[in-house]
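In what follows, a structure is listed as structure tokens, so that the remarks can point back to it.
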Amino acid sequence: MVDSKGKLIFVKIYTMNFVEELRWRGMLQDMMPGTEEELKKENTTAYIGFDPTSDSLHIGSLVQIMILVHFQRCGHKPIALVGGATGMVGDPSGKSKERNLLSKEVLDHNLACIQKQLEKFLNFDCGLNSAEIVNNYDWFKDMSFLDFIRDTGKHITINYMLAKDSVKNRLNTGMSFTEFSYQLVQGYDFYWLYKHKNCKLQLGGSDQWGNIVTGTELIRRMEGGDAFAITSPLLQKTDGTKFGKTEEGNVWLDPKYTSPYKFYQFWLNTADEDAKNYIKIFTLLQQEEIEALVEEHEKAPHVRLLQKKLAEEITTMVHSQEDYHNAFEASQILFGKGTSENLSKLDESTFLSLFEGVPQSEITKSDLEKGISLIDLLTEKTGIFSSNGECKRFVQGGGLSINKNKINDAALLINSSFLLKNKYLLIQKGRKNYFLVLAI
RNA sequence: GGGGAGAUUCCAGAGUGGCCAAAUGGGGCAGACUGUAAAUCUGUUGGUGUACGCCUUCGGAGGUUCGAAUCCUCCUCUCCCCA
């Protein structure tokens, strides 16, 4: 399904049933009556909207991307909508506070970046069901406010809009007219796509249900047409914490925010229970294959077969085979039986590519030749520790290693002889935090 | 408008003149164990110093005292009750 560059190769499988596919993968939350029949009847066009709040999607959006991928694999036509217009308004769904608006320039930049990311997952050249990317700014930019409230707003009552959860939840704390009108703007998107692209189905997370239904309602009232909705459950982790966050924040698809190594590590660290769900949601592996994997995993959970497969598939899909390979190798060295001998045996380019995602700092060679105390090196020179005391505590607690050798003397003097390849020092703070110091 | 309670180190919350860098719990970090897991146990959680110490910190500004998180005055903010 994925070639050497990580690009998805389209496979036409008309026998696949989209709804069934979502159902067994646990990606189906809710569906409008008649949706399944519509999908069986004809090749359908569906869309999902992506929010341009930043210039990269994160793994939360990956669920929606996968839904589009499945949709296309089932022979239907997916449209990814980037919200150049809706992004200027701000979706109140699931938000407890009024959102800050982004400037037009920032939005444009974000849109271009997100579009590029989406292109990696869908096939844009496969005939009838080629994917498309549209920007709702294109049909909103020339529409006047008066036109909109006359032609569109007239069809939907305030009562109807107020009844939505996304609005109700904010009635006490306050909400601007701008955000209130969001559902109508998104509803119009659906209407526009229905009219111009014959798009009859909107997909999305379950928090989008209210917005989607406003769209189907608008289509019914303005055109007398039938349109449908399918939502997917919002991802939950078994321990109750939010999916897709690490201590450092969001896990992004863009390698400049989350390196492939960190990305790989994120999936590898998935809890057992979560991995069973994620592998269905984030990979294209077939049911039998997944069932076999789960079974094997349960026989020997400590091998973490599921996590490894999960991390491999997703890293390869989002980044590339090569990135996966490097992340895997780096993990082997850093967490496996890597010793300082292993480290020094690596050739320099491999060594560097392994530590691509590891924070780096620099020190001059002349400092090292004179010899520098461990504490000075790790606080003043590199800022790896914020105070001398913290550094000492780590050493005393056995939590500090250099080049995979545990350090237990805080007064240690570091000189050139510690350098790997006469150039690098690999600092390990605790079990999982690595820093690379370059001597220049 | 009247009356009362409070603001403490990441959070919650003790402390009511010297024994307070400040109990306890949570969280964080680390160590052991393990599966780069969960649970558990241990250590650590203002800065500096090897250390008795020293420096900065208990809403803000002043004051009393040999000595203040603790007492006094003013200010700011939060909560509660009555109108």
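The values are calculated or read from the model by the stated rules, or taken from the named source; none is laboratory data. Note that the structure is predicted; figures quoted are calculated from it, not measured. Virtual Cβ from ideal backbone geometry, glycine too; neighbours counted across all protein chains shown. Just the protein is used for accessible areas: all its heavy atoms, side chains included, with ligands, DNA and RNA removed. Shrake-Rupley method; radii C 1.70, N 1.55, O 1.52, S 1.80 Å.
What the table below lists for this structure:
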{"quantity": "Residue identified as buried (at least 21 other Cβ atoms within 10 Å of the Cβ) and either modelled with pLDDT of 90 or more or touching an Asp or Glu at 6+ places or on another chain (Cβ under 6 Å) (or both) among A:110, A:43", "calculated": "A:110"}
{"quantity": "Some residue of region A:416-430 being surrounded by fewer than 19 Cβ atoms within 10 Å (Cβ to Cβ) and within 13 Å of RNA strand B (Cβ to nearest atom)", "calculated": "yes"}
{"quantity": "Qualifying residue in region A:239-246 (condition: modelled with pLDDT of 85 or more, surrounded by 15 or more Cβ atoms within 10 Å (Cβ to Cβ) and away from RNA strand B (no atom under 12 Å from the Cβ))", "calculated": "no"}
{"quantity": "Test: residue in region A:364-382 that is open to solvent by less than 10 Å² (accessible area, probe 1.4 Å), within 13 Å of RNA strand B (Cβ to nearest atom) and farther than 30 Å from residue A:65 by Cβ", "calculated": "yes"}
{"quantity": "Residue that is farthest from residue A:86 (Cα to Cα), among those in region A:136-181 that are surrounded by 13 or more Cβ atoms within 10 Å (Cβ to Cβ) and among the β-branched types (Val, Ile, Thr)", "calculated": "A:156"}
{"quantity": "Answer residue from region A:353-363, given it is surrounded by fewer than 17 Cβ atoms within 10 Å (Cβ to Cβ) and away from RNA strand B (no atom under 16 Å from the Cβ) and is nearest to the chain's Cα centre (by Cα) among those", "calculated": "A:360"}
{"quantity": "Some residue of region A:5-14 being surrounded by 15 or more Cβ atoms within 10 Å (Cβ to Cβ) and at pLDDT 90 or above", "calculated": "no"}
{"quantity": "Those helices (runs of 4 or more DSSP H) lying entirely in region A:296-411 with at least 3 residues β-branched (Val, Ile, Thr) and in contact (Cβ under 8 Å) with a residue 12 or more places away in the chain", "calculated": "A:305-318"}
